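Each remark here refers to the structure printed beneath this line.
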Amino acid sequence: MKKRLSPLFLLALLCQWSSLCMAQTTHKGNPQTGDYGYLYCHMNDRGRAWTAYALSRDGLHYHDLLNGDSVFSDARVARIEGATRDAYLCRKHDLSGYLMVCTDMNVGAKERLGKKETWDNYGIDLLTSDDLLHWQSTTFDFRQGTQLFSNPDAESVYRDWSTVNRVWAPQVQWDADYEWPDGRRGGYFVYFSMWNRTEEAYDRMYYSYADETFTHLTQPRLLFDWGYATIDADINWVEADQRWHMMIKKEGGKPGLFTATAPTLQGPWSKPVEDDYVNFEGNKKCEGVSAFQLAGDSTWHIGYIEYSSNPKNYRICQADRYMRNFRSPRNIEGVNRPQHGSFLRITKEEYDRLQAWSDGYEQATLAPNRRNPVIEGYYADPEILYTERDGQYYLYPTTDGQEHWENHDFSCYSSPDLVHWKKEGVIFDLEKDCPWADRRAWAPCIIERKTGKGKRARYRYYFYFVADNSIGVAVADHPTGPFRCATKEPLISRSHPALAKGGAPIDPDVLHDPVSGKYYLYWGNGTLVCSELGDDMTSIKRDYVLLPRQDKQRYHYNEGTYVFYRDGKYYFTWSENDTRSKNYRVRYLMSDSPTAFTLNGQPATTEKTVVLQKDDAKQIFGTGHHAVVENPVSGEWHIVYHRFARPEAVKRDWSAGYYREICIIPVEPEL
């Protein structure tokens, strides 16, 4: 007996079929699938350059794969010059694999290759892969002329192909409407800029079609000519207005990245929109546009390289669902030497496969740690104290390892030599010991204060800490506690008068000034404040705003201030950038005063004063929020700081800043 399908089941099938048809008919171009992460396939801008990968979960914060090294052998893939640039990555139209196109160019081999100009090149590479890891390529050296193409007898755009001198930045879109001479439908629209300086005055945009094997190209046709040079086109189908949008660099005239539109890939293409374009960089030069959408979002993100600065900046800005109203530019995070590239949404299976591939490479090539980290576990924001009382070192870090730093306790470690450490346990717990906050225990500092002499000498320890974005103070008679909260309210709250123009009351550091005998508490994020402490060490006499928020960029300041006195000078040190950034690093400034930035009667500056920063080759990232300690007996100085837990934390992208470890290194005498 045959089973009959219910009307509801048939209706569900019909609805599903209709939605699939709708998706196929309304969305054109390359398929967009995957909602777990993002793959940034890009040119690594070092030396001759190469093609590299970086992964992300949110599309904005990334981490390098293979330590930023090349994802394939350029010598095998790029058969003209042995180097690839401007990588563009997409899925095959039927989701059976992946495609990549690259500029075949080695800018460091002008003499060896006999090129007239450094930036000359002669062709492109078409690549295919089943897994994003293993790639096969077909190289097209356009100097070979019409016989190189699948339709050699078609009308040619050049009389002499041997003088082609530029074929730049190819990209791909699937064109389901294209019809081949034999009646087959569908082809890959491969577009690029090209210049034959003996036959045309400037770079113009051309296109060819590749077949489904992605190994054959038709002869190039002119896409458009606006009367001036154009390069680095990026074309996407915009669902909101049912048109193709092309973002492009005009080589002359008004600087910026402009948009044109067309009803079909072959055009006709409108003139660039002059009143709504990427113009954030002023007169600085930009190129290498790559537009993409985050999963589930109808608006657009636009990547591009600003290459006038040194180092260059790779930005990602936002646009609306019509790819208009460009706004909110920010630097890409986590990528070593990012440059022209493209973005691909990926699935969890793809993400995990790429990460496992990179992990295997990393295990084989990563140099071992030497002496660091000094304590086990996730910790950050270290404070270190050398005590007169017992000649020991004591380490006080933030307990790390929780998203958004939601920890609540502080631990202490002791050491006779900065090498061997003993955990003394939890010395202060907000949940039990603080009457005004119970979470976000951050960035402590401590000072030893001695009263009396000889056998009558007494020591007290004042422990300043952050709790829920305010600063408190606890007191003990021993560096390992027990500490008790000294006030019923925060010592410094978010409503503190010094923060009237912005900033946050975090990251305290306490200094005993050997010149005046006064005690100062330095604190802040965005705004740097020096507060003179009262004699009781638990009250404030007066404030000095050392660095108002409007000067943050000029002084490369963010947070994590540490101040010490050495050889008649006050050293102000602090962390630059966000603690979740690979580029978190330490700068310093020398001053004649503990309450002002002045040196030899002139304003003190922080130019060329980076003292601690990342090392990409060793996968050391996020080096900052530190303390400095001197052994008064030996005269040795050390800096203790945190970095991303190596090597696993960086794979968490922006969340690497919640998984940090503590390191100690000697301070060079010239600091």
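How high is the FRET efficiency between Asn151 and His404 when r is their beta carbon distance and R₀ equals 60 Å, given to the nearest 0.05?
It comes out at approximately 0.55.
Counting only protein heavy atoms, what percent of the accessible surface of region 283-322 is carbon or sulfur at a 1.4 Å probe?
That fraction is 40 percent.
Which whole-Hz couplings ³J(HN,Hα) result when phi for each residue of region 76-90 is put into the Karplus expression 6.51 cos²θ - 1.76 cosθ + 1.60, θ = phi - 60°, listed in order with x for Gly and Pro?
7, 7, 9, 8, 8, 10, x, 8, 10, 9, 6, 4, 10, 10, 8
Given a Förster distance of 60 angstrom, what is the FRET efficiency for Leu366 paired with Glu179, based on the Cβ-Cβ distance and rounded to 0.05?
Rounded to the nearest 0.05, the efficiency is 0.70.
Below 8 Å between Cα atoms, with a sequence gap of 6+, how large is the relative contact order for the chain in percent?
9
What is the diffusion coefficient of region 465-516 in µm²/s, taking the Kirkwood radius over Cα pairs and the Stokes-Einstein relation at 37 °C with a viscosity of 0.692 mPa s?
Taking Rh from Cα pairs, D becomes 258 µm²/s.
Per 0.36 nm of contour for each residue apart, how much would the distance between Asn331 and Glu376 grow if the chain were fully extended, relative to their Cα-Cα spacing?
Separation in residues times 0.36 nm, less the Cα-Cα distance, equals 12.9 nm.
So what is the accessible area of the chain per residue, in Å², with the probe set to 1.4 Å?
Details: 28960 Å² over 671 residues.
Accessible area per residue: 43 Å².
Say R0 is 45 Å: what FRET efficiency, to the nearest 0.05, do Asn600 and Ala201 get from their beta-carbon distance?
0.20
To the nearest 10 degrees, how steeply does helix 348-365 sit against the main Cα axis of the chain, on a 0 to 90 scale?
Between the helix axis and the principal axis of the chain, the angle is about 60 degrees.
Identify all aspartates and glutamates with a Cα-Cα distance to Lys488 below 12 Å; exclude those on the same chain that are fewer than 8 residues away in sequence.
Asp433
Rounded to the nearest 20 Debye, what is the dipole magnitude of the chain about its Cα centre when Lys and Arg each give +1 and Asp and Glu each give -1 at the C-beta? Intermediate results must be reported in sequence, preceding the final value.
Working: 80 positive and 91 negative charges, 162 e Å.
The calculation lands at about 780 debye.
Please grab the % of Cα pairs in the chain that end up more than 47 Å from each other. Present the calculation step by step, with values, prior to reporting the outcome.
Numbers: 71688 of 224785 pairs.
Value for the chain (Cα pairs over 47 Å): 32 percent.
For Lys250, list the aspartates and glutamates whose Cα falls under 13 Å from its own Cα; do not include residues on the same chain fewer than 8 positions away.
Straight-line reach from Lys250, under 13 Å: Asp203, Asp225, Asp232, Asp234, Glu274, Glu287.
Name the residues of region 537-574 whose amide N is less than 19 Å from a point 7 angstrom out from the Cα of Ser516 along the C-beta direction?
In region 537-574, the label zone of Ser516 (backbone N under 19 Å from the point 7 Å along Cα→Cβ) covers 537-548, 562-573.
With labels modelled as points extended 7 Å from the Cα through the Cβ direction, what inter-label distance (nm, one decimal) is found for Leu133 paired with Tyr565?
Here the modelled spin labels are 6.0 nm apart.
Please get the size of the charge dipole for region 421-549, origin at its Cα centre, with Cβ charges of +1 on Lys and Arg and -1 on Asp and Glu, quoted in debye to the nearest 20. Present the calculation step by step, with values, prior to reporting the outcome.
Working: 20 positive and 16 negative charges, 83 e Å.
Computed charge dipole of region 421-549: roughly 400 debye.
Divide by every residue of the chain the summed helix terms, -39500 (n - 2.57) for each DSSP H run of at least 4, and state the resulting mean residue ellipticity at 222 nm, rounded to the nearest 500 deg cm²/dmol.
About -2000 deg cm²/dmol.
Tell me, what HN-Hα J-couplings in whole Hz come from the Karplus equation 6.51 cos²θ - 1.76 cosθ + 1.60 at θ = phi - 60° for each residue of region 398-404, using x for Gly and Pro?
Here the 3J(HN,Hα) series is 6, 6, 10, x, 10, 4, 6 Hz.
Of the cross-linked pairs Lys249/Lys552; Lys453/Lys518; Lys422/Lys541, which ones have a Cα-Cα span greater than 31 Å in the structure shown?
Correct reply: Lys249/Lys552; Lys422/Lys541.
Between Glu251 and Glu607, what is 0.36 nm times their sequence separation minus the Cα-Cα distance? Round to one decimal in nm.
Going from the current span to full extension adds 124.8 nm.
Taking the Cα centre of region 29-110 as origin, sum charge times position over the Cβ atoms of Lys and Arg (+1) and Asp and Glu (-1), and report the length of that vector in debye to the nearest 20.
Working: 9 positive and 10 negative charges, 47 e Å.
For region 29-110, the charge dipole is close to 220 debye.
With 24 Å as the limit, write out which pairs from Lys582/Lys618; Lys110/Lys254; Lys110/Lys582; Lys92/Lys312 have Cα-Cα distances beyond it, or answer none.
Lys110/Lys254; Lys110/Lys582; Lys92/Lys312
Could you tell me the distance between the Cα centroids of region 378-418 and region 278-295, to the nearest Å?
43
The values are calculated or read from the model by the stated rules, or taken from the named source; none is laboratory data. Keep in mind that this is a model prediction, so the values were computed, not measured. Because the Cβ atoms are built from the backbone with ideal geometry, glycine has one as well, and the counts that use them run over all protein chains shown. Just the protein is used for accessible areas: all its heavy atoms, side chains included, with ligands, DNA and RNA removed. Shrake-Rupley method; radii C 1.70, N 1.55, O 1.52, S 1.80 Å.
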